[in-house]
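As structure tokens, the structure follows; a few thoughts come after it.
Here, each number is a calculation from the coordinates, and none is a lab measurement. Every value quoted in this text rests on a predicted model; they were computed, and no experiment measured them. Glycine also receives a Cβ, built like all others from the backbone with ideal geometry; neighbour counts cover every protein chain displayed.
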């Protein structure tokens with residue numbers, strides 16, 4: 001059976017597999033956003049205890065090591081580490097943006113009562 005474009009139509013099995021991938025993608029996005037929220041909370045905590053640096057190279061190495069140990073395949077180690085390096089970079093960017101936002105908020109004068 002072929003589709004209108006002349007390509008073979010997908011089988012029921014292929015459709016089910018793709019639906020499972022779609023569901024996993026939704027879960028992955030949810031987990032990534034949960035992770036991002038936690039990294040923002042880490043940024044708040046670091047700021048509250050006076051840690052000025054956003055980047056913590058030791059912690060980044062620790063995360064990458066744990067990911068490497070947890071990887072049982074089939075994703076190649078280099079590919080998975082690349083994904084995590086990008087996640088870490090994104091987390092740093094979120095933390096920097098949040099700190100900038102908080103700094104701007106601190107610089108604004110308080111609103112007068114009843115405003």
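Working from Cα positions, state the angle (0 to 90°, nearest 10) between the long axis of helix 77-107 and the longest principal axis of the chain.
That works out to roughly 30 degrees.
Taking only Cα atoms, what is the 0 to 90° angle, nearest 10, from helix 12-48's long axis to the longest principal axis of the chain?
10
Quick check of the Kirkwood formula: for the chain, what is the inverse mean of 1/r over all pairs of different Cα atoms, in Å? Provide the component values of the computation, followed by the final result.
On the way: mean 1/r = 0.0552 Å⁻¹.
Roughly 18.1 Å, rounded to one decimal.
At what distance in nm do the modelled label points of residue 69 and residue 45 sit from each other, each positioned 7 Å from its Cα along Cα→Cβ?
Simple spin-label model gives 1.9 nm for this pair.
How far is helix 57-70 tilted off the main Cα axis of the chain, in degrees rounded to 10, range 0 to 90?
Its long axis makes an angle of about 20 degrees.
Just the projected area, averaged over all directions, of the convex hull on the alpha carbon atoms of region 53-93: how many nm²?
For region 53-93, averaging the hull's shadow over all directions gives 2.7 nm².
Which one, 61, 86, 20, has the greatest fluctuation when you compute a Gaussian network model over the chain with C-alpha springs under 10 angstrom?
Comparing 61, 86, 20 in the GNM, the peak value goes to 20.
Could you compute the FRET efficiency for residue 11 and residue 77, with r as their C-beta to C-beta distance and R0 at 30 Å, rounded to 0.05?
On the way: r = 33 Å, r/R0 = 1.10.
The formula returns an efficiency of 0.35 here.
Which residue fluctuates most in the GNM of the chain (Cα springs below 10 Å): 30, 11, 90?
Of 30, 11, 90, the Gaussian network model singles out 11 as fluctuating most.
With the calculation restricted to Cα positions, what are the radius of gyration and Dmax of region 12-52 in angstrom?
17.5, 57
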